[in-house]
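**Q** Provided herewith is a single structure, encoded as structure tokens, for subsequent inquiry.
Read the figures in this text as sums done on the coordinates, not as results from a lab. Note that the structure is a prediction, hence the values are computed from the model and not measured. Glycine gets a Cβ as well: all are built from the backbone with ideal geometry, and neighbour counts include every protein chain shown.
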Amino acid sequence: MQAAAAAAAAEAAATPGRATITGPTKGASPLFQPPEPRYPDAARQRGAIGTVRLKLEIDAAGQVTKVEVVTSTGDPALDEAARDYYAQWRWQPALRNGEPVADTKFANITFRLSR
């Protein structure tokens, strides 16, 4: 087993590769954040709670182009409310060498009920 791993490592080292230096990148920062996300009535009535982790894709103009659930709350209504919430955000675009570029951010929203 170790011989196979060593052979794979040697082959990878012999494979030509290339790295491109693109300069420093400053990540996107929020410009507009709406008020807290709504708690869906049906989810509230079911007693649904949980934390959703989202992946946000932001274009070079600062618009959210895609919101993907990475980790679900287990309740589709809560996940949808979180996606809808972050779709409304607007961002100062990320910059690379002073030029706007697309960026990816991750965010969490926790839905909990008051007692």
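**Q** Which residues, counting only those in segment 39-54, are of a type outside the set (Phe, Trp, Tyr) and either touching a residue at least 60 places away in the same chain (Cβ under 8 Å) or surrounded by 15 or more Cβ atoms within 10 Å (Cβ to Cβ) (or both)?
**A** Matches in segment 39-54: Pro40, Ala43, Arg44, Gly47, Ala48, Ile49, Gly50, Thr51, Val52, Arg53, Leu54.
**Q** Would you check which residues across segment 47-103 are in contact with a strand residue (DSSP E or B) (Cβ under 8 Å, 6 or more places away or on another chain) and at positive phi and list them?
**A** Gly50, Gly62, Gly74, listed by residue number.
**Q** Any residue in segment 70-91 that's of a type in the set (Asp, Glu): show its pairings with residues that are in a helix (DSSP H, G or I) at Cβ separation under 9 Å, as long as the two are six or more apart or on different chains.
**A** Pairs found: Asp75/Ala43; Asp75/Arg46.
**Q** Collect the residues in segment 81-100 that are surrounded by fewer than 16 Cβ atoms within 10 Å (Cβ to Cβ) and over 16 Å from Pro30 (Cβ atoms), keeping them in residue-number order.
**A** Passing the criteria: Asp84, Asn97, Gly98, Glu99.
**Q** Continuing with this model, one more query. I'd like to verify a number: residues in segment 59-90 that are among the β-branched types (Val, Ile, Thr) and under 15 Å from Arg38 (Cβ atoms), how many? Explain how you work it out, then say what you get.
**A** Going residue by residue through segment 59-90, those that are among the β-branched types (Val, Ile, Thr) are 64-65, 67, 69-71, 73.
Then keep just the ones that are under 15 Å from Arg38 (Cβ atoms); that gives 73.
Total satisfying the criteria: 1.
**Q** Can we say Arg90 is within 15 Å of the chain's Cα centre (by Cα) and not β-branched (Val, Ile, Thr)?
**A** yes
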